[in-house]
Amino acid sequence: MKQQILIALVYFTIVYLITFLLYALILNRKRKSYKEGKKQMEINYLVKKFKLDMKKTNYKTLKWSTTFINPFIISTTFVAVISIESFVLSLLLGFIIMMLLIYSTYEILGRALKKKEGKKDV
């Protein structure tokens with residue numbers, strides 16, 4: 001049991017680091033301003049759902065927040081899916097876990113950004 005947990009943590013760490021580096025080195029270099037970042041679905045979702053004022057909210061804060069969140073979602077889903085033997089069950093569970101993580105993490109991030117926006121510039 002301990003060995004399986006340790007292996008899952010190693011998989012999680014490796015997948016997180018790889019996806020984080022891809023996001024940080026490839027995607028973040030391309031999108032340096034909010035105009036370029038409008039193509040990023042996560043940022044559009046946060047701005048529209050939580051009515052974030054982009055004059056108060058720093059674009060770099062949004063960009064780096066999504067850079068930390070997306071690899072977390074991908075790695076958590078990956079670790080959960082590889083531990084299941086059944087292909088159909090792993091697809092179903094992977095989809096459910098991914099949707100729950102996307103909704104919950106972006107909900108938390110959006111509320112935190114909105115709260116900071118009310119106090120001062122984010």
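From the list Ser83, Ser104, Ser65, Ser75, which one is open to solvent by 80 Å² or more (accessible area, probe 1.4 Å) and polar (S, T, N, Q)?
Testing whether each residue is open to solvent by 80 Å² or more (accessible area, probe 1.4 Å) and polar (S, T, N, Q) leaves just Ser83.
Quick check on my filter: what residues within the stretch 41-60 are open to solvent by less than 40 Å² (accessible area, probe 1.4 Å), touching a helix residue (DSSP H, G or I) at 6+ places or on another chain (Cβ under 7 Å) and free of Cβ contacts under 8 Å to residues at least 40 places away in the same chain?
Passing the criteria: Ile43, Tyr59.
Every residue, every condition in (1) without any contact (Cβ under 8 Å) to a residue 24 or more places away in the chain; (2) over 17 Å from Met41 (Cα atoms); (3) in contact with a Leu (Cβ under 8 Å, 6 or more places away or on another chain); (4) not in a loop (DSSP other than H, G, I, E, B), yes or no:
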site	(1), (2), (3), (4)
Leu62	no, no, yes, yes
Ser65	no, no, yes, yes
Ile74	no, no, no, yes
Leu89	yes, yes, no, yes
Leu93	yes, yes, no, yes
Ile96	yes, yes, no, yes
Leu101	no, no, no, yes
Ser104	yes, no, no, yes
Glu117	no, yes, yes, yes
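The values are calculated or read from the model by the stated rules, or taken from the named source; none is laboratory data. Computed from a predicted model, the values in this text were never measured in an experiment. Reconstructed Cβ throughout: ideal geometry from the backbone, glycine too, with neighbour counts over all protein chains shown. When the accessible area is computed, the model is the full protein with side chains, heavy atoms only, and any ligands, DNA or RNA have been set aside. Shrake-Rupley method; radii C 1.70, N 1.55, O 1.52, S 1.80 Å.
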